[in-house]
Amino acid sequence: MEAPNIHTLTAALESLSTAEALQLLHAAFPGKVTFSSSFSFEDQVITHDIIQSELPINIFTLDTGRLFAETYSVWNSTNTRYNTHIKAYYPNQSELESFVQLNGPNSFYESVENRKNCCHIRKVEPLKRALTGNAVWITGLRAEHSAARHDLKQLEWDEANQIIKYHPLLYWTTDEVREYIEQHNIPYNPLHDRGFVSIGCAPCTRAIRQGEDFRAGRWWWEDNSKKECGLHEKQHS
C-alpha cells in the first residue's frame, strides 16, 4: 500500500474536535477506520467519543491472557455502559503453547529476547490480524507517556503495518484526561487511582513511584528507558 498524503490529511484535521476528526477520517476511508483499546484512561475517552457520536468505527482489544482482573472488569463495564461488544483478538494458540512449553510461563523475566518474543506472540501478531483490511488505526498514545513519544505527530504513516495512525489525545495532559473522564462519568480502570499509568499485562506492570518516569512501571526489571512491546515501534522500509 502506498502512503497517503499525510500533510493534506493533517491540515484537514486541524482545529477539529476528536469526534469531528474521527468523522472526517471515516468519511475519507469508510469502513476502514479502527480503534485499539486497552481500556486505559485515554482509550476510554476515545471509546466514549466514538460511541456517543455514533461513529461507525470498529473498536477492538488485544486479550493477551495475562491482563489484570481490573482490566477485564472495566472491559465488562464499558460493554454494559455503552451497550456494545468490543471485539477481542487473542494470541495464536499453537505459537503460545509452543513458547510457554519451551521457555516456561514467566520466561519474559529472564531475558529481553524472551520478553519481546512473548510480546510479539501475545500482542504484535494479533494486532496485525486486527489491522488487516483497515486504512486508519486510532490509538490512545499521549506524548506525556514516554520520552520516545515526544516527537510523534498526531497523524503519521506506520510503515510496518502499512496504515495511517491517528493519535487524537497526543497533546492532552493527564489532568485533562481525568477531567473528561469525571465530567462524562466514563468507566475507567481503578488501577489508575493506585499509581498505575501505563497498564499492560499483570506480570509486567507495576505502579510508578514518586518522581519516576511515566513508563517506569512497564518491564521495570529491564535497564532501558525506551521500553516498548513492539506495537508502536518505529520501523522503516
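Among LEU55, LEU191, sorting on how many other beta-carbon atoms sit within 10 Å of each Cβ, with the fewest leading, yields LEU55, LEU191. In region 57-132, taking the dipole from charged Cβ atoms about the Cα centre, the farthest positive-side position among ILE57, PHE108, ALA88 is held by ILE57. Which FRET efficiency, nearest 0.05, do ARG206 and VAL100 yield, Cβ-Cβ r, R0 25 Å? Computed FRET efficiency for ARG206 and VAL100 comes out at 0.65.
Can you pull out the trypsin sites (Lys or Arg not before Pro) in region 107-206 whose DSSP state is coil and whose Cβ has at most 14 other Cβ atoms within 10 Å? Before the final figure, lay out the partial values.
On the way: sites: ARG115, LYS116, ARG122, LYS123, LYS128, ARG129, ARG142, ARG149, LYS153, LYS165, ARG178, ARG194, ARG206; in loops: ARG142, LYS153, ARG206.
Listed in order of number, the matching sites are LYS153.
Considering helices alone, the calculated mean residue ellipticity of the chain at 222 nm is -10000 deg cm²/dmol, with DSSP H runs of length four and up weighted by -39500 (n - 2.57) and normalised per residue. Taking amide H atoms as placed 1.01 Å from N in the peptide plane, the amide H of ILE186 has no partner under 5 Å among residues 5 or more positions away or on other chains. When every Cα-Cα distance of region 6-193 is counted in 5 angstrom steps from zero, the calculated P(r) takes the values 1, 7, 15, 18, 20, 17, 12, 6, 3, 1, 0 percent. With a Förster radius of 35 Å applied to the C-beta separation of THR8 and ASN58, the computed FRET efficiency comes to 0.90. Put in line by how crowded their Cβ is, counting other Cβ atoms within 10 Å and starting with the fewest, ILE59, ILE50, ILE86 read ILE86, ILE59, ILE50.
Only Lys, Arg, Asp and Glu carry charge here, each on its Cβ (+1 for the first two, -1 for the last two); on that basis the chain has a dipole of about 440 debye about its Cα centre. Farthest toward the positive end of the dipole of the chain, out of TRP157, HIS167, ILE199, is the Cα of ILE199, where the dipole comes from beta carbon charges about the Cα centre.
Once the piece of chain linking ARG81 and SER17 is laid out straight, how much longer is it, given 0.36 nm per residue of separation minus the C-alpha distance between them? Display every interim value, and only then the final one.
Details: separation 64, 0.36 × 64 = 23.04 nm, distance 2.28 nm.
Answer, rounded to one decimal: 20.8 nm.
What translational diffusion coefficient, in µm²/s and rounded to a whole number, does the Stokes-Einstein relation yield for region 24-99 at 37 °C and a viscosity of 0.692 mPa s, taking the hydrodynamic radius as the Kirkwood radius over Cα pairs? Estimated via Stokes-Einstein, D reaches 240 µm²/s.
Were the residues from GLN162 through GLN183 laid out at 0.36 nm apart, the gain over their Cα-Cα distance would be 3.9 nm.
If R0 is 45 Å, what FRET efficiency do you get for TYR72 and PHE29 from their C-beta distance, rounded to 0.05? Display every interim value, and only then the final one.
Numbers: r = 31 Å, r/R0 = 0.69.
With R0 = 45 Å, the Cβ-Cβ based efficiency is 0.90.
How tilted is helix 93-103 with respect to the longest principal axis of the chain? Cα atoms for both, answer in degrees (0 to 90, nearest 10). Result, in degrees: 40. Here the dipole of region 133-195 is about 120 debye; that uses its Cα centre as origin and unit charges on the Cβ of Lys and Arg (positive) and Asp and Glu (negative).
Each reported figure results from applying straightforward, stated rules to the coordinates on display, with no laboratory input. Keep in mind the model is a prediction, meaning the values are calculated, not measured. When we count neighbours, we look across all protein chains shown, and the Cβ atoms used for this are built from the backbone with ideal geometry, even at glycine.
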